[in-house]
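The values are calculated or read from the model by the stated rules, or taken from the named source; none is laboratory data. From a predicted model like this one, the values you see are computed outputs, not experimental measurements. FYI the Cβ positions are ideal-geometry reconstructions off the backbone, even for glycines, and counts take in every protein chain you see. Ligands, DNA and RNA are excluded from the accessible area calculation, which covers all protein heavy atoms including side chains. Shrake-Rupley method; radii C 1.70, N 1.55, O 1.52, S 1.80 Å.
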Amino acid sequence: MHLDLRTMQFANTTIDEDRLAVAGSDRSLCWAELQAEVARWCRQAQNMGLQRDMPIVLAGHKEAHFFVAMAGCLILGAPFVPVDTIYPAERRQKITDIIKAPLVYDAAGRTFTRSSHTFAALPEKDLAYVLFTSGSTGEPKGVQIGRESVRLLGDWMQSRFGLGHAPVFMNQAPFSFDLSMFEVFDTLASGGACILNSREQIQDATGFLQRLGQHRVTCWVSTPSFAHQQLLNKDFAGEFLPSLDTFLFCGEVLPHALCKRLLQRFPKAKILNTYGPTEATVATTLVEIDQTVLDTHTVLPVGYPKPDCEIVIVDGEICIIGDHVMRGYLNRPELNREKLFIHSNGQRGFKTGDLGQIDEAGLLWCQGRRDDQVKLNGYRIELAEISRALQALDEVKAAICVALRRADQTVARLLGFVELEPSSGRTATTEWAPYPAEQWKPQLEQRLPPYMLPSEILTVTALPMSVNHKIDGKALLQGYLKL
Ligand code: AMP
């Protein structure tokens, strides 16, 4: 059994109905149970008033019913808005309000709640999901992904990734990050299995590996940062996970050293590097990083474009063209005009903000960003969103968040610099002083997820200005490094 991503209906295959489909952090479902639970979920959602093209917020973490609800939404044609509990309540509410979702489903309690918004279809039809990412205006922005994009992703994975007949995926990224959609859609399309791992389950390093071993996981999907953390555990190796034959990476630069160490621990595994922004449905390029690639390059390529997709470099910027490009940011016409275009072949194009080049063989190489978007441990962050949250703190007059980078340009930490209101009575007496965490953390935690909190904030008597009358982040960083 599997879910046909063309018809969005369950269909019979040679795969046994008793085989595991999803192992949630709370319970497991075989394919027959998954089908029954999805049917039940669809009836409940319809009874609550959900109809085609109406958005529904799915809240939770790694419960089996988060997976059930996503499959149900695909069948009903109702776009899902995945929101992990890593987000503070204020951010979850904001997302519900921006998209005006009439219903919120809680996967842990398996309950539907009516919001204050009326039942109405979204103006954009036939969406599969709307995923919110960090926004430079200070508010998260909704990326609208069409149902056809999900089918294209499934087709690509089935035809080019070589994951075998019915792969068993290790899923760990929160569902509010689209990296996790690799496993969701390919499990459904292939009739494989998805092993969901909660933060608590992962913290128990031994239990985590045992769980992956028991389920005979074949494909590991994560950011490189997450795999790097696992290397601290010496049992994270082929002897303990003999079925694991593929590492599928996306979301940030894949370091050469990580690949080398992984191949030492898992000599029989293959490593796939993929690249792409959420705005182009999970990933757009693919390449296998084998020993030959490692022997000939210290910086790794990100891959060849997927079928029916074109990549062009315009003034150094990577632009993606294809039907898998989003239908636009929700309610953000000015941003859509800036980032989207129609290519000469009539397909949608997206200007990624990534700098890169394509070599003679057609292979894409990434060379950093042209803007203030950063990746920290695989999380996508707009520094401007944090700066705005800092500015909104009670005592703060002006503020900026800057990224402290390592020699290889990856982000090591986020730093905040604030100038306090004179009326706060706490104006710094020295030029630089630490801003005590108790003054800012409780407020910021209400607004931002933990991965967006600066690791340190300093008060500055007067924030330096650059020639274009913006706060001079570079000067602040230089000053910080001399402290
Ligand atoms: P997200 O929307 O969270 O998937 O983040 C997309 C961004 O992450 C891209 O625009 C790139 O800046 C970066 N990115 C994704 N995959 C890779 C990769 N394989 N190598 C380098 N950067 C990547």
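In terms of accessible area, using a 1.4 Å probe and ignoring ligands and nucleic acids, Asp18, Asp323 rank largest first as Asp18, Asp323. Normalised per residue, the accessible area of the range 307-367 is 48 Å², obtained with a 1.4 Å probe and no contribution from ligands, DNA or RNA. Of the accessible area of the chain, with the probe set at 1.4 angstrom, what percent is carbon plus sulfur? So the carbon and sulfur contribution to the accessible surface is 50 percent. Relative contact order for the chain: 11 percent, from Cα pairs under 8 Å spaced at least 6 residues apart, divided by residue count.
Given an 8 Å cut-off on Cα distances and at least 6 residues of separation, report the relative contact order of the range 334-373 as a percent. The partial results should precede the final answer.
On the way: 38 pairs, mean separation 10.7, N = 40.
Relative CO of the range 334-373 lands at 27 percent.
Pull up all non-local amide H partners of Ser176: gap of 5 or more, or a different chain, and H-to-H distance under 5 Å with H placed in the peptide plane. Long-range HN contacts for Ser176: Asp84.
Here the range 76-97 and the range 273-338 have alpha carbon centers that stand 26 Å from each other. Solvent exposure of the range 214-262 amounts to 44 Å² per residue of accessible area, where only protein heavy atoms count and the probe is 1.4 Å.
Once you list every other residue whose beta carbon is under 12 Å from the beta carbon of Leu231, what net charge do they have if Lys and Arg are +1 and Asp and Glu are -1?
Values: positive: Lys234, Lys260, Arg261, Arg265; negative: Asp235.
Once positives and negatives cancel, what remains is +3.
Per DSSP H run of at least 4 residues, take -39500 (n - 2.57); add these up for the chain, divide by its residues and hand me the 222 nm value, nearest 500 deg cm²/dmol. Helix-only estimate at 222 nm: -8500 deg cm²/dmol. Of the GluC sites (Glu not before Pro) found in the range 429-483, those that fall in a DSSP loop while having at most 12 other beta-carbon atoms within 10 Å are Glu431. Accessible area per residue for the range 1-154, computed on protein heavy atoms with a 1.4 Å probe, is 36 Å².
For the listed residue pairs Lys100/Lys441; Lys306/Lys351; Lys351/Lys470, the alpha carbons are over 20 angstrom apart in Lys100/Lys441; Lys351/Lys470.
With viscosity set to 1.567 mPa s at 4 °C, what whole-number translational diffusion coefficient in µm²/s follows for the chain from Stokes-Einstein and a Kirkwood radius over Cα pairs?
Translational diffusion coefficient: 55 µm²/s.
Per-residue 3J(HN,Hα) values for the range 388-398, derived from phi via the Karplus relation 6.51 cos²θ - 1.76 cosθ + 1.60 with θ = phi - 60°, read 5, 5, 5, 5, 7, 5, 3, 8, 9, 8, 8 Hz in sequence order (x marks Gly and Pro). Karplus-based coupling profile of the range 6-11, in residue order and whole Hz: 7, 8, 6, 10, 5, 9, with θ = phi - 60° in 6.51 cos²θ - 1.76 cosθ + 1.60 and x standing for Gly or Pro. Packing here is the average count of other Cβ atoms within 10 Å per residue, and on that basis the peptides 289-299, 206-216, highest first, run 206-216, 289-299. When the surface is traced with a 1.4 Å probe over the full set of protein chains, Glu33 keeps roughly 90 Å² accessible.
The HN-Hα couplings worked out from phi for the range 106-121 by the Karplus form 6.51 cos²θ - 1.76 cosθ + 1.60 (θ = phi - 60°) are 9, 5, 6, x, 6, 10, 9, 10, 6, 9, 7, 8, 7, 6, 8, 6 Hz, whole numbers, x standing for Gly and Pro.
Model label points for Leu483 and Glu239, set 7 angstrom from Cα along the Cα-to-Cβ axis, are 4.5 nm apart.
With the highest mean first, a sort of the peptides 467-475, 36-44 on other beta-carbon atoms found within 10 angstrom per residue produces 36-44, 467-475. What's the center-to-center distance, using Cα atoms, between the range 395-471 and the range 13-53 in Å? Answer, in whole Å: 46.
Amide H to amide H distances under 5 Å link Tyr129 with Phe80, Ile145, where only residues 5 or more positions off or on other chains count and H is placed in the peptide plane.
When DSSP beta bridges are restricted to pairs lying wholly in the chain, around 65% turn out antiparallel.
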